[in-house]
Every structure is written in structure tokens, then in C-alpha cells.
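Report on one structure; see the data block that follows.
The values are calculated or read from the model by the stated rules, or taken from the named source; none is laboratory data. As the structure is a computational prediction, the values presented were derived from the model and not from experiment. Note that we place each Cβ from the backbone using ideal geometry, even for glycine, and neighbour counts take in every protein chain shown. All accessible areas refer to the heavy atoms of the entire protein, side chains included, with ligands and DNA or RNA removed. Shrake-Rupley method; radii C 1.70, N 1.55, O 1.52, S 1.80 Å.
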Amino acid sequence: MAHPRTEQTLVIVKPDGIQRALIGEIMKRYERIGLKLVGLKMLVPTEEMIERHYLLDPDWKKNVGEKAIASYIQKGEIPPSNDPIAVANSVVERLKEYMTSGPVIAMVWEGAHAVELVRKITGGTEPRSAGIGTIRGDFVLDSYSMSDSDNRAIRNLIHASGSVAEAQMEIPHWFTASEIVRYRVPHEATLYDQDIRSILS
Ligand code: GDP
Ligand code: MG
């Protein structure tokens, strides 16, 4: 089995993250925990790339549609439809408009528990309720109530893979194998080597 240090995850700085001049701030947070940047590109995605990205997981529509319907009901509002797939389709349409509105930066970060740690640092999907100290909690204020009433995607600065399986589907969607760079950084010895006696040698 591969060592945990080889786990990889996909992060996308969304168009609002670039417009807000938060590229360095966002990258710093993943870098400082000890993760290693192994892939990086800037591009303006096409609608097709975004649609395919969100449909890589066949259950995504159902999950997001059910989550969205539950959140309407919790707020005491009537969902636009009771069919999770129909609700998810309108979420995808809004995401296409949002994600193709300007340049994004796609990145692959590598290290132990990369998927889980990047999600922890990034924070919950809705910035309004995302924890203090997370990127979405600290740098932006959007809410489902505001984005839904304005008929647009929620502006939450970042996409981050939600599970190891999702990362394994998403990374090849954005990067070819040759765009992922294998290299070492010296601090990996301190993070991962079993034997640290060499410090005093
Ligand atoms: P993420 O992994 O934290 O980005 O969240 P998801 O994968 O669950 O959702 C992806 C995107 O779909 C989010 O960034 C939102 O733009 C949108 N989305 C997810 N859940 C909801 C919801 O309950 N309501 C609305 N309006 N949009 C949602
Ligand atoms: Mg997700």
C-alpha cells in the first residue's frame, strides 16, 4: 500500500478568489501545514469542463440536490422543486456561469491526509456558516439565502476534493500525468522520516 504521504487532492481557486487577490493567502495556508504543491495551472475553464467536473461522481447530483432541498425546508422556504436532480441541474447551471466567468487556478497538493486537511483548512461550503480560522470563514461572507435569492452560485473562493475517491477522479480531469511533478523538499524528512537521529550527526 502507498505511504500516506503520497495522498493528493485537487484545489481550484475560483474566479472570485483571483479577483479578490487571495491567491497567495490561499496557497500559504495549504503550504504551511506541510503539504507540497505538485501541480499548478491558470486557465479560464469551459462550460463543458465544469459540467464534467461536477458530474464525475454519479451521486453528486443526488447528494447536492437533497442537501439543497433540506436547506430550503430548514429555512422554512419552499424548494424550487422536490426532485433532487432538477434542483442539482439548476445548481450546475449556476456553477457553469460562475466558474467560467474568469481565470481560475487549479492545484494539486500532496501529503499525508491531504484531502481531509485541505477540507479542514478550506471550511464549510457556505462562507456565512464556515468556521472562523478557515479560508471560507475568514475571507468571504456569502450565504445560500443571498445566492439563492439572487439566482447565482454561492461565491466561496475555492473548490477542494471532498474525498480520496473524488480527488482520484478530479485530478486527471484537470491535469495530465506529465503535469504532476515528483520532487522532494527538505522538510519532508522532519515530517515523515522514521529516523530523525541524523539531526545531531
Ligand atoms: P463543496 O465540496 O464544499 O464545494 O460543496 P459541494 O461539492 O457539496 O457543492 C459544490 C457546489 O455546489 C458548492 O460550492 C455550491 O456552489 C453548490 N451547492 C452545494 N450545495 C448547495 C446547496 O445546498 N444550495 C445551493 N444553492 N448550492 C449548493
Ligand atoms: Mg464538493
Karplus (6.51, -1.76, 1.60) ³J(HN,Hα), θ = phi - 60°, over the stretch 99-110, in Hz, Gly and Pro reported as x: 6, 9, 7, x, x, 10, 10, 9, 9, 10, 10, 10
Quick check: the angle from helix 164-174's long axis to the longest principal axis of the chain, C-alpha only, nearest 10 degrees? 90 degrees
For the stretch 40-86, report the % of Cα-Cα distances exceeding 17 Å. 49 percent
Within the chain, how many Lys pairs that are eight or more residues apart, or on different chains, come under 25 Å at the alpha-carbon? 23
Using modelled amide H (1.01 Å from N, peptide plane; none on Pro or chain starts), what sits under 5 Å from the amide H of LEU40, excluding residues fewer than 5 places away? VAL108
Sum of -39500 (n - 2.57) over DSSP H runs of 4+, divided by residues of the chain (222 nm, nearest 500): -13000 deg cm²/dmol
So what are the ³J(HN,Hα) numbers for the stretch 120-126, from phi and the Karplus equation (6.51, -1.76, 1.60; θ = phi - 60°), rounded to whole Hz, Gly and Pro as x? 4, 5, 6, x, x, 4, 8
Relative frequency of Cα-Cα separations exceeding 17 Å in the stretch 72-187, percent: 67 percent
How high is the relative contact order of the stretch 1-92, in percent, with contacts defined as C-alpha pairs under 8 Å that are six or more residues apart? 19 percent
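With every protein chain kept in place and ligands, DNA and RNA left out, what is the accessible area per residue of the stretch 131-201? Probe 1.4 Å, answer in Å². Each step should come with its number before you reach the end.
Numbers: 4580 Å² over 71 residues.
For the stretch 131-201, the per-residue accessible area is 65 Å².
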Mean projected area (nm²) from the convex hull of Cα positions in the chain is 12.9 nm²
Could you pull out every residue, at least 5 positions away or on a different chain, whose amide H is within less than 5 Å of the one on ILE158? Hs are placed 1.01 Å off N in the peptide plane, and Pro or chain starts have none. LYS14
Would you mind checking the tilt of helix 23-32 against the longest principal axis of the Cα atoms of the chain, expressed as 0 to 90 degrees and rounded to 10? 50 degrees
Per-residue HN-Hα couplings for the stretch 52-61 [Karplus 6.51, -1.76, 1.60; θ = phi - 60°; Hz; x = Gly/Pro]: 5, 4, 6, 9, 4, 8, x, 8, 4, 4
Taking just the alpha-carbon atoms of the stretch 12-70, what radius of gyration and Dmax come out, in angstrom? 15.0, 38
Choose one answer from PRO58, PRO84, PRO186: the residue with the largest mean-square fluctuation in a GNM of the chain with alpha-carbon springs under 10 Å. PRO186
Lys and Arg at +1, Asp and Glu at -1: neighbours of GLY131 with Cβ under 14 Å from its Cβ sum to +3
Sorted largest first, the C-alpha extents of the stretch 139-201 along its principal axes in whole angstrom are 64, 29, 18
Mind giving me the nanometre distance, one decimal, between the label points for SER81 and SER129, set 7 Å out from Cα along Cα→Cβ? 2.3 nm
Do you know the relative contact order of the stretch 129-183, to the nearest whole percent, from alpha carbon pairs under 8 angstrom that are 6+ apart? 20 percent
Counting only protein heavy atoms and a 1.4 Å probe, tell me what percentage of the stretch 72-201's accessible area is made up of carbon and sulfur. 54 percent
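For the chain, what relative contact order do you get, as a whole percent, if you take Cα pairs closer than 8 Å and at least 6 residues apart?
About 34 percent, as a whole number.
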